[in-house]
Structures are given as structure tokens and as C-alpha cells.
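So the structure is just underneath, and the comments pick up after that.
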Amino acid sequence: MYYIVEVEDIGSLKPSELGSDVKSVLLEKFRRRYIGRYFSDIGIVLDVLDVLEYGEGKSIIGSPDVYVKVRLSLLSYMPKVQELVEGEIKSVGEYGVTLSMGPVEGFIHISQLGDDIFVQRSDGLYGKKTRTTFKRGDIVRARITAVTKPDYTAPLKGEPIIKVSLTCRQPGLGKVAEGRSEE
């Protein structure tokens with residue numbers, strides 16, 4: 001689910017930045033600091049929308065910078081269990097499909113694709129009874145069944161910070177065809 005969140009933080013201004021527009025300098029600094037990071041209470045920060053207000057600056061002995069208390073508006077995404085999502089199939093594998101849901105990716109295990117037996121062929125997964133196919137680029141509607149705890153070392157290993165498990169085994173879920181869903 002997407003949220004607009006207000007947070008408070010402390011920003012620093014270098015002496016060379018004091019002559020320019022303080023709000024735009026702080027906005028750029030906080031965008032570099034926050035975008036793409038995951039926080040357990042607000043989710044993945046997608047954008048810093050605005051610097052709502054900032055106070056008078058304070059200086060610390062021994063530091064040339066000026067520090068200001070800032071209130072920010074952030075756009076974030078936090079996947080919730082039981083939430084319905086739609087996304088595009090990014091990859092098809094032997095064990096299931098990876099679904100791109102905007103800022104995060106989810107995984108649908110082959111047993112959760114529907115009430116059918118799916119087999120892998122060269123370009124996708126095919127249902128034996130229903131003849132439903134899941135190929136790269138298909139749009140799928142699914143329900144979130146689990147969200148893992150954040151692993152902050154995962155980006156160093158090339159993995160996502162959180163992992164999302166999905167299911168299509170409920171009525172109204174599955175491959176979306178021409179504005180309708182197939183069961």
C-alpha cells in the first residue's frame with residue numbers, strides 16, 4: 001500500500017550552500033539520503049515529495065556546517081498481507097513466476113498459480129486442465145500471503161531487502177485477460 005508520511009530529521013548546510021535556496025538544497029540532500037531505503041515503520045521510500053518546514057539553523061563548535069531541523073513529506077510503499085496487487089510477470093522459472101509490482105517484486109510458487117497442474121515449457125508455464133498460460137509480460141492479479149522481515153545486508157548480495165509471497169488460488173485472481181480475470 002502506498003502512503004504519504006511526514007517525518008522529522010536534521011539537515012546540514014555547508015557554508016557555500018547558504019546563499020542559495022535552502023528548501024531546494026535540503027530537498028536534494030534528503031532525496032539522496034532517503035530514496036530507495038527501507039524503514040520498518042514506513043516501508044520503502046519512493047520519493048521525498050516536499051520540505052514542509054525547516055527551523056533556524058544551529059552551528060556546532062568545530063563544524064563549519066549549519067544544522068536545521070526539517071519536516072519532510074515522503075511517498076512510501078509498504079506491502080501488507082492480504083493486499084490485492086496487480087503486476088507484470090518479469091520471469092518464469094521451474095518453481096514459479098516473479099511478479100513486478102512496481103517498487104517491489106513478488107514470487108508466486110507454481111502450486112499457487114491456480115487449481116491446475118502447471119508444467120514448464122520453453123516460454124512459460126502451462127496448465128494441463130485449464131490450458132491457462134503464464135508467460136513473461138502477462139498481467140496477473142494476486143494476493144499477498146507473506147512478507148519477510150527486512151534483511152539490510154541483502155542489497156550487498158544482490159537480493160531484495162524484503163521478499164513478498166503471492167497466491168492466485170482464490171476466485172477473481174490469476175491472469176488478467178482484457179480487463180477480466182481467468183480462474
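The values are calculated or read from the model by the stated rules, or taken from the named source; none is laboratory data. Quantities reported herein were computed from a predicted structural model and do not represent experimental measurements. Counting neighbours? That spans all protein chains shown, and the Cβs are built from the backbone with ideal geometry, glycine included.
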Pull up the stretch 79-135, narrow it to residues that are more than 23 Å from Glu159 (Cβ to Cβ) and among the basic types (Lys, Arg), then point me to the one that is surrounded by the most Cβ atoms within 10 Å (Cβ to Cβ). Lys135
Matching residues, the stretch 92-128, being at positive phi and modelled with pLDDT of 90 or more: none
